[in-house]
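The values are calculated or read from the model by the stated rules, or taken from the named source; none is laboratory data. Model, not experiment: these values are computed from the prediction. For neighbour counting, all protein chains shown are included, and Cβ atoms are generated from backbone atoms with ideal geometry for every residue, glycine included.
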Ligand code: HEC
């Protein structure tokens with residue numbers, strides 16, 4: 001029997017420790033990769049700038065400003081990238097989007113996408 005398969009081998013203790021450490025490090029890697037894709041917590045902080053128009057948590061109170069809460073993340077990312085590049089033109093949003101990094105866009109889009117959307121207000 002090879003040494004690694006012998007469960008009475010005293011080395012097994014450190015072997016188990018290695019497995020435990022590997023498992024822990026893969027758990028720790030989850031928040032890191034989540035940050036690369038977008039962090040709702042970071043987005044919430046960054047959304048302070050947006051609140052005046054888009055409302056708290058993206059629920060706009062003014063019909064001139066679109067609701068962002070519960071919108072698809074990919075839609076929000078695309079909208080912000082398009083404002084930033086000028087592909088979508090709006091004088092107000094061009095200014096705000098020009099300040100945003102790719103990570104800001106990911107974080108903001110993640111934050112708004114995980115909010116509850118509007119209730120159905122008009123159709124009964
Ligand atoms: C001064 C008011 C104002 C502020 C502040 C503001 N926005 Fe906007 N936003 C608007 C307006 C007006 C529109 C609609 C523009 C259009 O018709 O394309 C809009 C549109 C958007 C859209 C597209 C929504 C859709 O339904 O297509 C996104 C996404 C967005 N804003 C995100 C943000 C983010 C993120 C911030 C903060 C960094 C922000 N906005 C700050 C006024 C504002």
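Taking residue 124 as the residue in question, decide whether it is loosely packed, with under 10 Cβ neighbours inside 10 Å and either over 20 Å from the mean Cα position of the chain (by Cα) or modelled with pLDDT of 85 or more (or both). Yes: the conditions hold for residue 124. Of all the numbered requirements in (1) more than 8 Å from the ligand (Cβ to nearest atom); (2) free of Cβ contacts under 8 Å to residues at least 12 places away in the same chain, residue 116 misses one, and that requirement is (2). Criterion applied to 68, 108 was being assigned to a loop (DSSP other than H, G, I, E, B) and touching a helix residue (DSSP H, G or I) at 6+ places or on another chain (Cβ under 6 Å), and the one residue passing it is 68. Among the residues of segment 69-105, the ones that are closer than 16 Å to residue 42 by Cβ and within 11 Å of the ligand (Cβ to nearest atom) come to 8 in all. Screening segment 56-68 for residues that are within 19 Å of the chain's Cα centre (by Cα) and crowded, with 16+ Cβ neighbours inside 10 Å and picking the one that is nearest to the ligand (Cβ to nearest atom) gives 68. Listed by first and then second residue, the pairs linking a residue in segment 52-80 that is touching a residue at least 60 places away in the same chain (Cβ under 8 Å) and assigned by TED's automatic domain parsing to the domain that holds residue 95 to a residue that is part of a helix (DSSP H, G or I) and more than 9 Å from the ligand (Cβ to nearest atom), with Cβ atoms under 8 Å apart and 6 or more places separating them unless they lie on different chains, form an empty list.
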